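Below is one structure, written out as structure tokens, with a few remarks after it.
What follows is calculated from the coordinates using simple rules that are stated; it is not laboratory data. Predicted model only: the values in this text are computed from it and were never measured. Positions of Cβ are generated from backbone atoms using ideal geometry, with glycine treated the same way; all protein chains shown enter the neighbour counts.
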Amino acid sequence: MQAMIVIPALCFALEAAAGCPVKNPRVQPALPDAAVVDKQEMQRARLEAEQYLLQGKTYLECGLMNRRQYNQLLTQLELFSARYHETLSAYQNRDEMIAEIDETRVAPVTVTQSN
């Protein structure tokens, strides 16, 4: 009798999983150290973060999880997003400070008129 209940439930679960275009994003991408990252690495991190968050959002929309799993993944995505934005802000602040230092090192140009 239990097999008659389990088999349809398993078939339904497999069919639902087959309809979802993505897998559950289990591994978060590594975020670089904002104090030393260069522009190219930050660009790569941005692309990986966007892909991870999009995959997570798409998986949430598939409806394959119970409420606890859904909330757990949603919290995981929100925390990762906050960490990414902190890293990005620190990188941008560092980049602005470097630009300000470079501006102060440039000798001022003066124009004098000769009579």
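Values computed for the structure shown
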read-out: Fewest-first sequence of Asp95, Asp38 by Cβ atoms within 10 Å of each Cβ; value: Asp38, Asp95
read-out: Overall Cα dimensions of region 38-93 - principal axes, largest extent first, Å; value: 40, 16, 10
